[in-house]
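A.B. asks: Sharing a structure with you now.
The values are calculated or read from the model by the stated rules, or taken from the named source; none is laboratory data. Given the structure is predicted, the values throughout are model-derived calculations rather than measurements. No Cβ is skipped: glycine too gets one built from the backbone with ideal geometry, and neighbour counts run over all protein chains shown. Just the protein is used for accessible areas: all its heavy atoms, side chains included, with ligands, DNA and RNA removed. Shrake-Rupley method; radii C 1.70, N 1.55, O 1.52, S 1.80 Å.
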Amino acid sequence: MAALFLCFRHRKVSAFGISRLPKDNLDPCQLHLKLKLGTLVGVLNVLREYSSGSTTKFDFTDLTCPHTWYPNARRKHRKVFLHVGPTNSGKTHHALKKLESSSSGIYCGPLRLLAWEVAKRLNKAKVPCDLITGQEREEVDGAKHKAVTVEMADVNSDYSCAVVDEIQMLGCKTRGFSFTRALLGISADELHLCGDPAAVPLIEEILKVTGDDVKVEYYERLSPLVPSKKPLGSFCNIQTGDCIVTFSRREIYRMKKKIESGGKHLCSVVYGSLPPETRTRQATMFNDASSEFDVLVASDAIGMGLNLNISRIIFSTMTKFDGVEIRDLTVPEVKQIAGRAGRYGSKFPVGEVTCLHADDLPLLLSSLESPSPILETAGLFPTFDLMFMYSRLHPKSGIYQILEHFLENAKLSPNYFIADCGEVLKVAAIIDEMPLSLQDKYLFCISPVDMNDEISSQGLTQFAENYAKKGIVRLKEIFTPGTLMVPKTQAKLEELESIHKVLDLYVWLSFRLEDSFPDRELAASQKAICGLLIEEFLERLGWQKPTARRLRSRNASSSSLSKDVKRIL
Ligand SMILES: Nc1ncnc2c1ncn2[C@@H]1O[C@H](COP(=O)(O)OP(=O)(O)OP(=O)(O)O)[C@@H](O)[C@H]1O
Ligand SMILES: [Mg+2]
């Protein structure tokens, strides 16, 4: 698979933090990348006063009043509704009903799959709705509604109604600041926040200074979730509608193979590094009662808000590697994942939850019974405007130093913490060596690169270098279309997933630097091929003795995939 020509240069970046930042959803447009004229005048005034010494020195690292960063929202007297309760209690449903009946609106969710589900629901209800994520814009004629991933939340337009789903994520170390931004910054008459009751006191505290009206509505579970007293024990006990949860790709494939080799079930798979389109297709296949894929093997990528036809959740393990260490699943994680079973309105009216091994049952049961810990603080990240102002006074500082300065010196009110920027700093260290403007450096820093993936991080380096040298980056310089193949081994599969990430990064950059990254269509079509080839790999995996019926179904499905691949090629 020699499709990518990346120069592998070994740089020492390991010193810059180890946390993983799921940046696929970060977007610069909300972070004031383009300074507006008004802001610029303000910036210049501040700088003039600062340098003349006529006023007290302006402290750029004072982040104690983040609500003042969003003048549009502050001009409104927003009605804020907090819909809180356990999973599967109809919180999102109620908020979406309000969104559907409003004249204009925006839904902000933590996952692409959720944004996709909402856009589909609104369009089906004849409410035209755009789907916008970092890497895709599906625009519908006449749409006044948008379903977006939270990092794409638009704080510059006015809406009649806005929904921010899974609002408790504002406490997430890496992505929390985007939820805080949506909470403080969306300008809407009505703002509906859905999530865990653990976020209520913090949100009420944060909104004391905004002048908004806040109303809390509590919900009860709509259908029962029954923890089992017995573990699954053996894979022979797998039934239609089961979802087995595990946290590594290798384990996911091993379990798919094991279950399918029993000859009774076919498994869809969903995990984080699968291309989003592939995840959607796998989830749809599992949800479709007429498909033969009746079991799901998934990571915690299914863990939030999704409505899948799951009868029983089976935890194969109660620990996960979080990028730093192997740790027990937290109470909110267990509840979120378990909450996918027995969704109201699905074909399974009662949900069940258990573990593969008996040893894990006590932790499962105690987690399900415990309330989630009350959230104390929300994430925050300095705007680009603030960094820009600081950089004008310290022109010799690179973006790494600027970020570090903010991280070390930021002044915060007790309701906030500063976002974990380990991954951003890794990119900053590389990008500072290149002759790029601060704005461009910032853009590369927040791009959806996976710095733990060698191919993905080298892709970013090559894009930035070519952009700095020539101002234009042609995809063919690093990628030969037509060379992608169905992976034959898991290592080749991982390589294909990495190539998908590089192509995804190109598409992301092409939406922000349109003239310099002109090959969006080619990158998008090659991305689609990666997705199809990965699916073809998935379909070939796990088959031991296919029955005649399954063989027909598999062949039909494979040949339609092959046709899709040919069509795109
Ligand atoms: N009043 C209702 N009428 C019909 N369907 C409903 C109603 N309330 C909820 N549902 C359906 O029940 C399912 C679960 O509802 P919803 O997704 O709103 O739950 P939730 O509380 O947001 O769960 P989670 O915490 O997992 O996000 C959805 O499929 C939703 O469409
Ligand atoms: Mg929900």
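A.B. asks: State which residue is nearest to ligand 1 (Cβ to nearest atom) when the search covers only the range 81-101 and only residues that are open to solvent by 20 Å² or more (accessible area, probe 1.4 Å) and more than 23 Å from residue 202 (Cα to Cα).
C.D. replies: Out of the qualifying residues, it is 93.
A.B. asks: Being closer than 16 Å to residue 399 by Cβ and open to solvent by 30 Å² or more (accessible area, probe 1.4 Å) narrows it down to one of 447, 437, so name that one.
C.D. replies: From the options 447, 437, the qualifying one is 437.
A.B. asks: Is it true that some residue in the range 425-434 is surrounded by fewer than 21 Cβ atoms within 10 Å (Cβ to Cβ) and over 30 Å from residue 180 (Cα atoms)?
C.D. replies: Looking through the range 425-434, at least one residue is surrounded by fewer than 21 Cβ atoms within 10 Å (Cβ to Cβ) and over 30 Å from residue 180 (Cα atoms).
A.B. asks: Further, regarding this structure: So if I check each of 77, 67, which one is modelled with pLDDT under 95, of a type outside the set (A, V, I, L, M, F, W, C) and open to solvent by 10 Å² or more (accessible area, probe 1.4 Å)?
C.D. replies: Values: 67 fails: modelled with pLDDT under 95.
One residue alone meets the criteria, 77.
A.B. asks: Restricting attention to the range 313-345, which residues are within 11 Å of ligand 1 (Cβ to nearest atom) and surrounded by fewer than 19 Cβ atoms within 10 Å (Cβ to Cβ)?
C.D. replies: Listed by number, the residues that qualify are 344, 345.
A.B. asks: Does the range 99-111 hold any residues that are over 20 Å from the mean Cα position of the chain (by Cα) and within 14 Å of ligand 2 (Cβ to nearest atom), and which are they?
C.D. replies: 99, the sole residue that qualifies.
A.B. asks: Right, another one. In the range 346-360, which residues are open to solvent by 40 Å² or more (accessible area, probe 1.4 Å), more than 14 Å from ligand 1 (Cβ to nearest atom) and of a type in the set (D, E, K, R)?
C.D. replies: 352, 359
A.B. asks: Has the range 219-231 got any residue that is farther than 30 Å from residue 366 by Cβ, away from ligand 1 (no atom under 16 Å from the Cβ) and not charged (D, E, K, R)?
C.D. replies: no
A.B. asks: Here's another thing I want to ask about it. Inside the range 133-148, can you point out the residues that are at pLDDT 95 or above, buried (at least 22 other Cβ atoms within 10 Å of the Cβ) and among the β-branched types (Val, Ile, Thr)?
C.D. replies: 148
A.B. asks: Kindly list the number of the only condition in (1) buried (at least 16 other Cβ atoms within 10 Å of the Cβ); (2) more than 16 Å from ligand 2 (Cβ to nearest atom); (3) modelled with pLDDT under 95 that fails for residue 180.
C.D. replies: The single condition residue 180 does not satisfy is (3).
A.B. asks: If you don't mind, another one. Looking only at residues in the range 189-233 that are open to solvent by less than 40 Å² (accessible area, probe 1.4 Å), hydroxyl-bearing (Ser, Thr, Tyr) and within 16 Å of ligand 2 (Cβ to nearest atom), which one is modelled with the lowest pLDDT?
C.D. replies: 223
A.B. asks: Restricting the search to the range 112-128, which residues are more than 20 Å from the chain's Cα centre (by Cα), away from ligand 1 (no atom under 14 Å from the Cβ) and open to solvent by less than 30 Å² (accessible area, probe 1.4 Å)?
C.D. replies: Scanning the range 112-128 gives a single hit, 127.
A.B. asks: When the range 230-252 is examined, which residues are found to be of a type in the set (Ser, Thr, Tyr) and over 21 Å from residue 329 (Cβ atoms)?
C.D. replies: 234, 240
A.B. asks: Here is a list of conditions, (1) within 30 Å of residue 519 (Cβ to Cβ); (2) touching a residue at least 12 places away in the same chain (Cβ under 8 Å); (3) not β-branched (Val, Ile, Thr), and residue 433 meets all of them except one; can you say which number that is?
C.D. replies: That leaves (2) as the condition not met.
A.B. asks: Which members of the range 299-355 meet the condition of being at pLDDT below 95, within 22 Å of residue 239 (Cα to Cα), away from ligand 2 (no atom under 15 Å from the Cβ) and among the small types (Gly, Ala, Ser)?
C.D. replies: Matches in the range 299-355: 299, 301.
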